[in-house]
Amino acid sequence: MKTILLSFAFFLLLSGIQAQKVVSVVGPGKAINPYKYSIVKKATYAKAAVSSAHPLASQVGAVIMKQGGNAFDAAIATQLALAVVYPGAGNLGGGGFLLARRSNGELLGLDYREAAPAAASRDMYLDQQGNANISLSQNGHLASGIPGTVAGLFATMPYAKLPFAKLVQPAIDLAEYGFVLTEREASSLNSTRESFLKYSTRPTAFTKEGRWKAGDTLVQKELAATLKRMQKDGAAGFYEGETAKLIVEEMQRGKGIITLEDLKSYTAKLREPIRFNYRDHEVISFAPPSSGGILIAQMMKMIEKFPMNSYGFQTTASVQLMIEAERRAYADRAEHMGDPDFWKVPVDTLMSEAYLTDRMKDYDPNKAGVSTQIKAGVVSESEETTHLSVIDAAGNLVAVTTTLNGGYGSRTVVGGAGFLLNNEMDDFSVKPGVPNMYGALGGEANAIVPGKRMLSSMTPTLMLKNKKPYLTIGTPGGTTIPTSVFQALVNLIDFKMDLDDAINKPKFHHQWFPDEVVIERDFLVDTKKKLEAMGYRVKERSAIGRTEGIRILPNGQRESVADKRGDDSVAGF
Ligand code: DON
């Protein structure tokens with residue numbers, strides 16, 4: 001408390017601004033004004049940088065590094081800030097993956113994906129006739145897996161330098177004193193208003209009388225109190241004691257099934273990252289229970305033998321080849337991928353040269369493939385998310401993708417604790433052949449089992465060039481995540497784009513089923529027409545993903561880019 005007041009007073013002294021108008025969210029001389037901030041889409045910094053979905057969260061991470069923290073400190077503080085300023089996806093009640101390469105070369109893959117509660121069961125979303133009721137897997141209390149994010153933050157702490165109390169303070173200030181909403185945030189809260197009222201059992205900070213408008217301040221007192229319990233008691237301040245009690249009481253009011261025991265027994269897990277080479281780069285990405293790392297390995301290896309550079313960016317030749325690689329990889333996702341602690345994922349085979357060459361045997365550059373004729377390979381052995389990327393002065397690379405699953409998750413706010421719960425149970429296969437909210441199909445590999453983690457598409461990814469740290473990247477977007485990362489990497493490597501273009505040029509997506517190519521609105525019209533003439537069904541979407549990336553240029557500068565598709569922003573020094 002003393003520190004907050006001191007930093008607050010110091011900032012006011014510096015700024016001469018009225019007390020009720022401004023609050024410092026970081027510390028003496030490094031104040032961030034949550035009432036006045038700007039979005040920076042790209043910048044090059046000499047030492048350290050953060051790219052995230054919210055300018056305040058990126059600034060928090062950058063200032064933490066300026067105050068002596070490393071990329072892990074920044075990733076923790078930025079995630080905590082996102083849980084406050086970006087409630088649609090930033091979270092305490094969701095889960096995620098952190099992938100890092102320490103400056104000493106050590107790799108770290110931290111899985112804090114949500115898990116099915118002990119009382120969950122394979123057919124829990126089927127009615128008496130055996131029909132899937134996806135409303136229950138997507139909305140309200142029964143849709144939530146056991147939250148993993150807070151366990152993930154504390155499992156990251158051994159790699160950080162500053163005390164957790166300091167890393168969480170900016171988030172506490174932002175929750176307690178509020179921050180100003182952008183146009184996009186106000187309209188997003190307004191359009192979710194009815195769902196908050198329907199799926200939460202107590203009044204929430206996200207609804208008020210009348211509509212939110214740009215410039216309004218969002219204050220989240222209950223969330224501030226939850227964060228303070230974590231500041232005082234660590235992970236137990238969330239998984240036990242008052243917060244756990246509030247979660248379980250919320251569950252009981254809304255017929256949910258998460259228990260005190262579920263919360264207490266949740267742990268983050270270490271996963272060995274997926275690694276593969278593509279031309280002269282080494283790509284490092286996330287292993288199951290994410291499908292992302294294997295999918296990008298498969299897609300990149302399937303196209304590596306083709307002269308992508310001479311085909312050129314967004315030509316019919318390069319796009320068609322990539323679509324067919326995407327189709328085949330996603331067929332494998334549905335059949336072979338799931339939580340590796342419950343399902344044997346044939347990782348090596350799925351990524352092997354021989355297998356992938358065989359998968360592309362029936363590829364025809366002159367006509368569209370047909371998904372009903374392309375099954376998963378036979379092997380002999382499983383929209384709202386947010387990504388942040390950080391590089392610090394020492395060269396530690398961190399990529400974190402974290403999610404509530406849909407926008408604002410289950411839309412259930414834990415009464416008295418002020419945070420949203422995820423609707424991640426929908427990422428399980430609720431019934432074979434029934435698509436989840438991203439249209440993904442699945443079967444046995446991804447069936448619901450107590451304690452099992454639902455298959456994810458989140459793909460936090462790093463890249464080395466000439467064995468040196470080069471890139472950290474990732475995006476939200478459900479099943480479009482691996483194809484977005486795939487395209488950003490190909491744009492950088494094959495089409496020699498700078499990071500801004502690699503992220504912001506129009507993207508496309510194919511996921512086996514539905515058998516269609518989704519394109520962004522600004523996709524080349526000529527290529528779209530040619531694809532249609534070849535037999536592809538093409539569908540437009542306003543935006544695919546929100547990619548955040550940072551790369552190290554040959555002169556050591558950190559080229560930092562935040563996706564143009566949202567309020568995303570970079571910060572650094
Ligand atoms: O883990 C997954 O694959 C999904 N729950 C991610 C959801 C997502 O990216 C939503 N963002 N737009």
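Are any of the residues in region 533-547 under 17 Å from the mean Cα position of the chain (by Cα), within 16 Å of the ligand (Cβ to nearest atom) and open to solvent by 20 Å² or more (accessible area, probe 1.4 Å)?
We begin by selecting, within region 533-547, every residue under 17 Å from the mean Cα position of the chain (by Cα); these are 543-547.
Next, from what is left, pick out any that are within 16 Å of the ligand (Cβ to nearest atom): 543-547.
When the remaining residues are screened for being open to solvent by 20 Å² or more (accessible area, probe 1.4 Å), the result is 543, 546.
Checked region 533-547: at least one residue is under 17 Å from the mean Cα position of the chain (by Cα), within 16 Å of the ligand (Cβ to nearest atom) and open to solvent by 20 Å² or more (accessible area, probe 1.4 Å).
Has region 312-324 got at least one residue that is under 20 Å from S371 (Cβ atoms), open to solvent by 10 Å² or more (accessible area, probe 1.4 Å) and assigned to a helix (DSSP H, G or I)?
There is at least one residue in region 312-324 that is under 20 Å from S371 (Cβ atoms), open to solvent by 10 Å² or more (accessible area, probe 1.4 Å) and assigned to a helix (DSSP H, G or I).
Considering only residues that are within 15 Å of the ligand (Cβ to nearest atom) and open to solvent by less than 10 Å² (accessible area, probe 1.4 Å), which ones fall in region 489-514?
K507, H509, listed by residue number.
Restricting the first residue to region 372-391 and requiring it to be modelled with pLDDT under 70, which pairs with a second residue that is within 16 Å of the ligand (Cβ to nearest atom) and open to solvent by less than 20 Å² (accessible area, probe 1.4 Å) meet a Cβ separation below 6 Å and a spacing of at least six or different chains?
Qualifying pairs under 6 Å: S382/P288; S382/M337; S382/G338; S382/V345; S382/A445; E383/G478.
When the residues of region 278-311 are narrowed to those that are of a type in the set (S, T, N, Q) and outside any loop (DSSP other than H, G, I, E, B), which ends up nearest to the ligand (Cβ to nearest atom)?
Checking each candidate, the answer is S290.
Yes or no, residue by residue, for (1) under 21 Å from the mean Cα position of the chain (by Cα); (2) outside any helix (DSSP H, G or I):
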| position | (1), (2) |
| --- | --- |
| V150 | yes, no |
| F154 | yes, no |
| K161 | no, yes |
| L167 | yes, no |
| A175 | no, no |
| S187 | no, no |
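Any residue in region 322-334 that's of a type in the set (S, T, Y): show its pairings with residues that are open to solvent by 10 Å² or more (accessible area, probe 1.4 Å) at Cβ separation under 7 Å, as long as the two are six or more apart or on different chains.
Going by the 7 Å Cβ cut-off, the qualifying pairs are Y330/Q511; Y330/W512.
Tell me the residue from T461, T475, T412 that is within 13 Å of the ligand (Cβ to nearest atom) and at pLDDT 95 or above, please.
Criteria check complete, one pass: T475.
Regarding G61, is this residue within 22 Å of P170 (Cα to Cα), in contact with a strand residue (DSSP E or B) (Cβ under 6 Å, 6 or more places away or on another chain), open to solvent by less than 10 Å² (accessible area, probe 1.4 Å) and within 16 Å of the ligand (Cβ to nearest atom)?
no
Quick check on N405: is it modelled with pLDDT of 95 or more, within 14 Å of the ligand (Cβ to nearest atom) and in contact with a strand residue (DSSP E or B) (Cβ under 6 Å, 6 or more places away or on another chain)?
It is false that N405 is modelled with pLDDT of 95 or more, within 14 Å of the ligand (Cβ to nearest atom) and in contact with a strand residue (DSSP E or B) (Cβ under 6 Å, 6 or more places away or on another chain).
With respect to A394, is the statement that it is open to solvent by less than 10 Å² (accessible area, probe 1.4 Å), under 30 Å from Q59 (Cβ atoms), at pLDDT 95 or above and not polar (S, T, N, Q) true?
no
The values are calculated or read from the model by the stated rules, or taken from the named source; none is laboratory data. Predicted, not measured: the structure shown is a model, and the values here were computed from it. All Cβ positions, even for glycine, are placed from backbone atoms using ideal geometry, and neighbour counts span all protein chains on display. Protein only, heavy atoms only, side chains kept; ligands, DNA and RNA dropped before computing areas. Shrake-Rupley method; radii C 1.70, N 1.55, O 1.52, S 1.80 Å.
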